[in-house]
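Taking it in order: structure first as structure tokens, then the write-up.
The values are calculated or read from the model by the stated rules, or taken from the named source; none is laboratory data. Just so it is clear, the model here is predicted, and its values are computed rather than measured. Methodologically, a virtual Cβ is constructed for each residue, glycine included, from the backbone with ideal geometry; neighbour enumeration extends over all protein chains shown.
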């Protein structure tokens, strides 16, 4: 069986032309890049595309052949067949594809240097900011997938979320936005006693989540995954200590101010004048 990584990579390559035309998700991804472009006055052309690997070049070459041989097969199955063909090749047979990829990578590096050289500092900062955001989103997505694979309990639902799940199919509207607007209007029209039913269900779900999280975290500790366990909250203690420190500072300040007051100075002077008389 072909590795999943080869299959998924090939599937993305073959599905890209179709998704670019018909998928709304592609429009969303394009929109995410626009904030960086807003910083550009006369923005240069986009960065050069990354070169294909040797395997992806093989997929691109074999896709028309395999699709012609199996016209009724889905894209994923076609890529699986191509991945099996790739694994069956000898190192000598893979060499032309890998060599072409290396040559293209050298051209890519030169093109990237030329591209960065023509950017202004503002443009470079905007691109770096967008890159950091993308990396943060990827890390968060990987973390979420890892926690899901470890069986982390789902977070508790709100009262409105429970109401929405119960009435989504019958909601008015043909689009997601239309249905959501209809559900929001219906939720606002509910009486207090009607909402209370969903509020109670939400409270029960919180208890469910708390109990499941406790059992899950205990299991994570047992298997040596303390890194995914929530840290205990220590903020209140720190706040209390800071509060005590501030009160102590205030007390010292008041004491010093009292010593510097005119009445205190007059009393101190009177004591000094009275002292010589006693000695005499």
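On the basis of being within 30 Å of residue 203 (Cβ to Cβ) and either assigned by TED's automatic domain parsing to the domain that holds residue 202 or surrounded by fewer than 12 Cβ atoms within 10 Å (Cβ to Cβ) (or both), does residue 144 make the cut? Against the criterion (within 30 Å of residue 203 (Cβ to Cβ) and either assigned by TED's automatic domain parsing to the domain that holds residue 202 or surrounded by fewer than 12 Cβ atoms within 10 Å (Cβ to Cβ) (or both)), residue 144 qualifies.
With respect to (1) modelled with pLDDT of 90 or more; (2) over 23 Å from residue 223 (Cβ atoms); (3) part of a loop (DSSP other than H, G, I, E, B), the lone exception for residue 205 is condition (3).
If you check 135, 180, 128 for being free of Cβ contacts under 8 Å to residues at least 24 places away in the same chain and either surrounded by 14 or more Cβ atoms within 10 Å (Cβ to Cβ) or assigned by TED's automatic domain parsing to the domain that holds residue 203 (or both), only one passes: 180. All conditions in (1) within 30 Å of residue 151 (Cα to Cα); (2) without any contact (Cβ under 8 Å) to a residue 12 or more places away in the chain; (3) surrounded by 14 or more Cβ atoms within 10 Å (Cβ to Cβ) hold for residue 222, with the sole exception of (3).
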